[in-house]
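The next block holds one structure in the form of structure tokens; read it before the comments.
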Amino acid sequence: MEDHQIKEIASTLHGARKAGQSLKQFSAHLKNFKREDAYSIQEEGMRLRELDGEKIIGLKMGLTSEGKRKQMNLDSPLYGVLTDTMQIQNEGTYTLKGSIHPKIEPEIAFYINKELRGTVTREEVLSSCEAICPALEILDSRYDGFKYFSMEDVISDNSSSSYYILGPKTSDFSKINLKNLSMKMKINGVIAEEGNSKAISDDPVISIIQLAELLNQRGQSIPAGTFVLAGAATAAVALEEGMEVSLEVEQLQDMKVSISK
Ligand code: OOG
Ligand code: MG
């Protein structure tokens, strides 16, 4: 794909997000839309957000669970980039105004305090991680009907990321079995989705290992001082006015967000 086309698509997606209007999937009419083009579009989109004054502070992995891959009919993990203005404080309010068709999903996040580059081991990830926390990600695809025709569409759209909420941190997690934590996402006190951290790449630490590998393919790394959302443990739930969405991850502290119009 040529440079001008990458810039054009990135700018179209950037405009759609700001206007809260969905558009047609690009892969419907683009031949030979490659994975690397999609990540170049994502990067260009981030450059546009930085020009708007946003600061990159985190990363997200997505489609790390079978439930999510099935829901979206896509087959492999992908990543996206998170900025400061995408954050909603824990126990705060998310306003639907300006969104397209937002959904929420339960995750676990890792705070990385030492750079992770290339092929890294589970132990390296754990020793580079200063804390973990429960997290909720709010997705909002910029495509019609929240549907994709390909991985390239969703990667170009910053992997559908929209907002995120980080729960209270736990820094003493060495005795917690990250591969087996029950996760309950409740809506107004009633369980909406229930899963286990094992659903996240079989072990959420593997999501971080895979992210370092994916970034390395583009000559990049997980920088020190970044947090990473490891991917949803369950399918996502559509948001509506008046919901209070809470997340309970075993051994971690609870968190919640309210949804207003
Ligand atoms: C892609 C993003 C998936 C996750 O945690 O699996 C994701 C999508 O579903 O649109 O963030
Ligand atoms: Mg997610």
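The values are calculated or read from the model by the stated rules, or taken from the named source; none is laboratory data. Since the structure is predicted, the reported quantities are computational estimates derived from the model, not experimental observations. Here the Cβ positions follow ideal geometry from the backbone for every residue, glycine too, while neighbour counts run over all protein chains shown. Only protein heavy atoms, including side chains, enter the accessible area calculation; ligands, DNA and RNA are left aside. Shrake-Rupley method; radii C 1.70, N 1.55, O 1.52, S 1.80 Å.
Taking amide H atoms as placed 1.01 Å from N in the peptide plane, the amide H of ASN90 lies under 5 Å from those of LEU166, each 5 or more residues away in sequence or on another chain.
Extending 7 Å from the Cα toward the beta-carbon at both SER171 and HIS4 defines two label points whose distance is 5.3 nm. Going through the cross-link list LYS114/LYS179; LYS97/LYS169; LYS175/LYS198, which pairs have a Cα-Cα distance over 27 Å in this structure? Over 27 Å apart, Cα to Cα: LYS97/LYS169. 3J(HN,Hα) along the stretch 229-242: 7, 7, x, 6, 8, 9, 5, 8, 10, 5, 8, 9, 4, x Hz, from the Karplus curve 6.51 cos²θ - 1.76 cosθ + 1.60 with θ = phi - 60°, whole Hz, x for Gly and Pro. On full extension, the segment bounded by GLN87 and GLU54 gains 10.8 nm, given 0.36 nm per residue less the C-alpha separation.
For the chain, a Gaussian network of Cα nodes joined below 10 Å ranks ALA16, ALA232, ALA38 by mean-square fluctuation, and the top entry is ALA16. A simple spin-label model places pseudo-atoms 7 Å from Cα toward Cβ; at HIS29 and ASN113 they are separated by 5.1 nm. For the stretch 159-261, applying the loop criterion from DSSP together with a ceiling of 14 other beta carbons within 10 Å to the GluC sites (Glu not before Pro) yields GLU240, GLU241, GLU250. Compare the Cα positions of ILE200, GLY80, ILE176 along the charge dipole of the stretch 3-260 (+1 at Cβ of Lys, Arg; -1 at Cβ of Asp, Glu; about the Cα centre) and return the one farthest towards the positive end. Looking along the dipole axis, the top candidate is GLY80. Only the Cβ atoms of Lys and Arg (+1) and of Asp and Glu (-1) were treated as charged; on that basis the dipole of the chain about its Cα centre amounts to roughly 240 debye. For LYS60, the residues whose modelled amide H falls within less than 5 Å of its own, excluding neighbours fewer than 5 places apart on the same chain, are GLY80, VAL81, LEU82, LEU229.
Full extension of the segment from GLU213 to ALA131, taken as 0.36 nm per residue of separation minus the current Cα-Cα distance, would add 27.4 nm.
In the context of the full set of protein chains, residues of the stretch 46-183 present 40 Å² of accessible surface per residue (probe radius 1.4 Å, heavy atoms only). Considering only SER162, GLY231, SER150, the residue lying farthest towards the positive end of the dipole of the stretch 3-260 is SER150, judged by Cα position with unit charges set on Cβ. Karplus-derived 3J(HN,Hα) values for the stretch 94-109, using 6.51 cos²θ - 1.76 cosθ + 1.60 with θ = phi - 60°, are 9, 9, 5, 3, x, 8, 9, 8, x, 9, 10, 8, x, 9, 10, 10 Hz; glycine and proline are entered as x. Hydrophobic, long helices, defined as DSSP H runs whose alpha-carbon span along the helix axis is 18 Å or greater and whose mean Kyte-Doolittle value is at least 0.0, occur in the chain at 204-216. Each peptide among 53-63, 85-95 gets the average number of other Cβ atoms lying within 10 Å of its residues, and from highest to lowest they stand as 53-63, 85-95. Mean residue ellipticity, 222 nm, helices only, the chain: the sum of -39500 (n - 2.57) across DSSP H runs of n ≥ 4, divided by residue count and rounded to 500, is -7500 deg cm²/dmol. Summarised in one figure, the compactness ratio Rg/Rh of the chain, Cα atoms and Kirkwood Rh, is 0.94. Comparing Cα centroids, the stretch 78-99 and the stretch 151-172 end up 9 angstrom apart. Classification of the stretch 112-233 by its C-alpha gyration tensor yields an oblate form. The axis ratio a/c (a ≥ b ≥ c) is 1.5 or more, and b/c is at least a/b. A simple spin-label model places the labels of HIS101 and SER182 3.3 nm from each other, with each point 7 Å out along Cα-to-Cβ.
When the accessible area of the chain is computed with all protein chains present and a 1.4 Å probe, what percentage of it is carbon and sulfur? Taking all protein chains in place, the chain shows 46 percent carbon and sulfur surface.
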